[in-house]
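Asker: Below: one structure in structure tokens.
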Amino acid sequence: MNQRFLPLIATIIVFVVGYLFCALQFNHFATLRVVMNLLTDNAFIGIIAVGMTFVILSGGIDLSVGSIIAFTTVVLAVLIGSWHVNPWVAFAMVLVLGGAFGAGMGAIIHFFQLPPFIVTLSGMFLVRGLAFVISTESIPINHPLFAQLNDIVVVVPGGSHLTLIAMVMLVVLGIGTVLAHLTRFGTNVFALGGNRVSAQLMGVPIARTTISIYALSSLLAALSGIVFSLYTAAGYALAGTGVELDTIAAVVIGGTLLSGGAGHMLGSFLGVMIEGLIQTYISFDGTLSSWWTKIAIGVLLFMFIGLQRLLTVVWAAKASAPSRPASGKAAPADAAGPRPQRA
Amino acid sequence: MTMIRTLRSFHGATQVAVLLAVLLANWLVFPGFFAIRLQDGRLFGSLIDVLNRGSPVALLTLGMTLVIATGGIDLSVGAVMAIAGAVAATLTRDGQGLPVVLAVSLAAGLACGLWNGLLVAVLRIQPIVATLILMVAGRGIAQLITEGQIVTFVNPQLSALGSGEFLTVPMPVVIALGMLVLSLLLTRATALGMLIESVGINRVASAFAGINTGAVIVAVYVWCGLCSAVAGVIVAADIRGADANNAGLWLEMDAILAVVVGGTSLLGGRFGLAPAIVGAFIIQGMNTGILLSGFKPEFNLIVKATVIMIVLLVQSPAWRTFSLPSLPSLQRKHPGRTVP
């Protein structure tokens with residue numbers, strides 16, 4: 001068993017136990033309808049979480065994603081509503097814009113060696129500001145295509161259905177998982193997050209990888225904006241406020257190391273689902289207020305960060321053990337299992 | 001080298017110049033900008049307004065500067081403001097006197113700071129992550145205190161902290177100045193400031209030099225928590241109520257921006273409290289200027305983003321290697337370096 005999967009296993013346990021707990025409390029919780037709603041309601045966060053996982057795996061952070069959602073919905077509403085652009089063309093335009101913006105941030109981060117935190121923070125201000133300048137009002141989107149897209153569903157047993165936006169999220173998750181764990185790009189991202197200098201010495205194309213990571217994150221944020229506009233049928237400059245924090249929290253709860261270099265894409269998906277589960281629990285309960293969501297997420301964040309910290313210390317101790325002169329005490333611990341390897 | 005040293009001795013001169021430029025620009029778009037009048041024993045005018053409205057961010061900036069100087073960051077200052085404001089409003093509504101209200105709400109800020117400090121110093125969690133926990137959970141805690149409502153109160157004594165005046169100067173400005181003086185005394189009249197810079201430059205080396213790095217780090221987060229609580233109480237006193245959802249929302253970003261504009265590196269090390277405070281007023285000056293000039297307030301964010309990027313690019317290592325070789329005195333210092 002690979003020890004790098006320990007946080008992921010912890011996440012799976014939290015999700016399963018949490019779901020069972022909810023199912024025991026409420027009669028209709030363990031139905032496909034609840035699961036499908038969980039997927040639909042959290043589709044836009046799930047999509048960003050895929051991009052955010054790449055960013056965090058590489059040791060960076062992206063605070064601009066929430067603003068990009070808002071900007072995308074506003075631009076879509078104006079393009080489709082006022083300028084009568086074909087929605088498909090509008091979709092393509094916002095995706096290109098998003099990707100280019102992310103690439104720009106990645107380039108600044110790499111070439112000027114600035115902390116990703118502050119670069120994406122100013123990106124967040126800039127994009128949110130642009131969205132406000134375009135419109136401060138919430139603009140409805142009435143294009144028939146939006147209704148058609150929302151009607152595309154896969155009917156599942158139990159009288160519920162899998163919506164298009166949930167399918168989009170699952171497809172993005174699938175592609176993201178393959179990209180992160182089975183391609184050279186994914187390996188480069190892990191290498192970059194593990195140790196930037198070593199990665200550079202090993203010949204990892206740092207510049208290309210960094211720029212691609214932020215371009216991908218912003219591209220997915222723009223896609224998430226499209227999904228969000230389908231979900232709400234409106235464009236609003238205040239949309240997606242605080243989403244970046246929910247996403248980062250989901251990625252951390254999903255077991256990705258915030259210092260980079262270790263984690264799993266599926267964990268981030270489960271992190272999003274755990275956050276969704278807390279919200280669903282609160283709406284099922286009906287007496288609890290929504291602020292408990294924030295406190296519960298805070299507590300989970302603390303637990304998982306504590307777990308990560310503990311594991312890092314244990315790994316560091318194990319990694320340094322063999323280099324010491326062999327002593328009788330160290331031997332049994334080493335013999336207990338295989339060396340930890342990168343996932 | 002002497003030139004660099006002379007420049008450094010005027011640390012903060014740039015910030016003051018920028019502030020003056022911003023204020024002059026405001027005067028150009030609004031001729032009555034510098035007009036100050038005395039009415040009912042209190043100063044009024046746009047300039048006073050900039051100082052008054054900039055005070056909460058200035059207070060946050062004091063704590064944030066010290067935290068950033070140790071190489072950390074505190075994302076939770078806005079949430080701590082909300083908690084302190086919620087505590088102050090709830091206690092006042094329940095009929096507690098001013099001393100109790102102040103003591104408990106400031107203690108709440110200290111406790112928040114202690115929590116952050118212990119996570120960073122003892123558990124050694126990255127500061128962004130450690131303070132993210134309180135940033136997310138803090139607003140929930142504040143709403144727990146106010147039970148999800150906007151708590152309003154009637155208490156002239158507490159309100160005076162937010163909207164009163166002392167010797168004609170608005171109270172928030174007086175409090176911010178007082179905290180600045182206190183922070184300067186604590187860091188510059190003692191060795192604490194040097195220890196903070198030392199930890200920020202190299203924590204391991206500082207530990208080997210005999211500095212109790214953990215205590216220094218906990219101390220700066222506790223101070224940051226206290227400053228945030230003071231700002232939270234002032235804001236609550238000003239609006240005579242506590243809004244757990246919106247009090248201090250996004251102010252952590254303004255405070256970080258003020259520190260960056262104030263010339264303190266986000267990587268830690270050398271810090272300047274006074275320039276950072278000037279940075280906070282530069283930001284407020286720009287906010288007021290945008291409003292006065294008749295632009296939509298929506299441009300605020302774009303202007304902030306542009307300023308932050310320019311300051312960052314000029315401070316960045318790549319920019320320095322690009323521009324430094326043009327200084328002849330430095331070229332001699334590095335004979336091995338080839339000019340690009």
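Asker: Using a Förster distance of 35 Å, how high is the FRET efficiency between A:Leu310 and B:Leu313, based on the Cβ-Cβ distance and rounded to 0.05?
Answerer: On the way: r = 39 Å, r/R0 = 1.12.
The formula returns an efficiency of 0.35 here.
Asker: Same structure, new question: Mean Kyte-Doolittle of at least -1.0 plus a Cα span of 20 Å or more along the axis: flag which DSSP H helices in chain B meet both, please.
Answerer: Those that pass (Cα extent of 20 Å or more, hydropathy at least -1.0) are B:13-29, B:46-69, B:77-93, B:98-121, B:127-146, B:171-188, B:213-239, B:273-292, B:299-315.
Asker: If you add up the charges near B:Val218, with Lys and Arg at +1 and Asp and Glu at -1, over every other residue whose beta carbon is less than 14 angstrom from its beta carbon, what do you get?
Answerer: Value of the local net charge: +1.
Asker: Turning to a different aspect of this structure: Could you quote the convex hull projected area for region A:203-322, Cα atoms only and averaged over all directions, in nm²?
Answerer: Result: 10.5 nm².
Asker: Please give every one of the aspartates and glutamates within straight-line cross-link reach of A:Lys294, meaning a C-alpha to C-alpha distance under 20 Å, and leave out same-chain neighbours fewer than 8 residues apart.
Answerer: Candidates past the 8-residue exclusion: A:Asp41, A:Glu244, A:Asp246, A:Glu275, A:Asp285, B:Asp74, B:Glu147, B:Asp243, B:Glu252.
Asker: On C-alpha positions alone, give me the angle between the axis of helix A:164-182 and the longest principal axis of chain A, in degrees, nearest 10.
Answerer: Roughly 30 degrees between the two axes.
Asker: Once you put a point 7 Å from the Cα of B:Val104 and another 7 Å from the Cα of A:Ser283, both along the Cβ direction, what distance in nm separates them?
Answerer: The answer from the label model is 3.6 nm.
Asker: Restricting attention to the alpha-carbon atoms of the protein assembly as shown, what are Rg (one decimal) and Dmax (integer), both in Å?
Answerer: 26.0, 83
Asker: Out of A:Val78, A:Val313, A:Val50, any idea which swings most in a Gaussian network model of chain A, alpha carbons joined below 10 Å?
Answerer: Top of the fluctuation ranking is A:Val313.
Asker: Rounded, prolate or oblate: pick one for region A:3-318, where a ≥ b ≥ c are the square roots of the eigenvalues of its C-alpha gyration tensor, a/c under 1.5 means rounded, and failing that, prolate if a/b is larger than b/c, else oblate.
Answerer: Oblate shape, in that a/c is at least 1.5 and b/c is the bigger or equal ratio.
Asker: Oh, and also: Run the quick spin-label model on B:Gln157 and A:Thr241: label points 7 Å from Cα toward the beta carbon, then report their separation in nm to one decimal.
Answerer: With each label point 7 Å from Cα toward Cβ, the separation is 3.5 nm.
Asker: Students often check this: by mean Cβ neighbours within 10 Å, which of B:195-204, B:292-301, B:52-61 ranks highest, and how do the rest follow?
Answerer: By packing density, highest mean first, the sequence is B:52-61, B:195-204, B:292-301.
Asker: Given region B:146-256, report the % of alpha carbon pairs whose separation exceeds 24 Å.
Answerer: The calculated P(r) of region B:146-256 puts 42 percent of pairs beyond 24 Å.
Asker: Would you mind checking the tilt of helix A:43-57 against the longest principal axis of the Cα atoms of chain A, expressed as 0 to 90 degrees and rounded to 10?
Answerer: The helix A:43-57 is inclined about 40 degrees to chain A.
Asker: For region A:150-189, list residues with backbone N below 18 Å from a point placed 7 Å from the Cα of A:Ala319 toward its Cβ?
Answerer: A:187-189
Asker: On average, how much area does the Cα convex hull of region A:147-263 cover when viewed from any direction, in nm²? Each step should come with its number before you reach the end.
Answerer: Working: hull surface 37.7 nm².
For region A:147-263, the mean projected area of the Cα convex hull comes to 9.4 nm².
Asker: Suppose only helical runs count, i.e. DSSP H with n ≥ 4. What mean residue ellipticity at 222 nm does that imply for chain A under -39500 (n - 2.57) per run, divided by all residues and rounded to the nearest 500 deg cm²/dmol?
Answerer: Computed mean residue ellipticity for chain A: -23500 deg cm²/dmol.
Asker: How many percent of all Cα-Cα pairs in region B:50-315 sit more than 30 Å apart?
Answerer: 25 percent
Asker: Next up: Looking only at region B:209-232, which residues have a backbone nitrogen under 13 Å from a spot 7 Å from the Cα of B:Arg124 in the C-beta direction?
Answerer: Label zone hits: B:214.
Asker: Here is a follow-up. So for the pair A:Leu170, B:Arg93, with labels modelled 7 Å out along Cα→Cβ, what separation do we get in nm?
Answerer: It works out to 4.6 nm between the two label points.
Asker: I need the shape label for region B:176-317. Rule: rounded when a/c is under 1.5, else prolate if a/b > b/c, else oblate, with a, b, c from the alpha carbon gyration tensor.
Answerer: oblate
Asker: Excluding residues on the same chain fewer than 8 positions from A:Lys318, give the aspartates and glutamates whose Cα lies under 14 Å from its Cα.
Answerer: A:Asp334
Asker: May I pose another question? Counting only other chains, what is the mean number of Cβ atoms within 10 angstrom of the Cβ of each residue in peptide B:247-259?
Answerer: The per-residue average across the peptide is 2.
Asker: Ok, one more. Among A:Ala249, A:Ala207, A:Ala70, whose mean-square fluctuation peaks in a Gaussian network model of chain A (Cα, cutoff 10 Å)?
Answerer: A:Ala207
Asker: On a 0 to 90 degree scale, rounded to 10, what angle separates helix A:265-285 from the longest Cα axis of chain A?
Answerer: So the helix axis and the longest Cα principal axis differ by about 60 degrees.
Asker: What is chain A's relative contact order, in percent, from Cα pairs under 8 angstrom and six or more apart in sequence?
Answerer: 33 percent
Asker: Right, here's the next one. What's the magnitude of the charge dipole for the protein assembly as shown around its Cα centre, counting Lys and Arg as +1 and Asp and Glu as -1 at the beta-carbon? Answer in Debye, nearest 20.
Answerer: Dipole size: approximately 2280 debye.
The numbers here are math on the coordinates, done by the rules we state, and not lab data. Model, not experiment: these values are computed from the prediction. Here the Cβ is made from the backbone with ideal geometry for all residues, glycine too, and neighbour counts use every protein chain on show.
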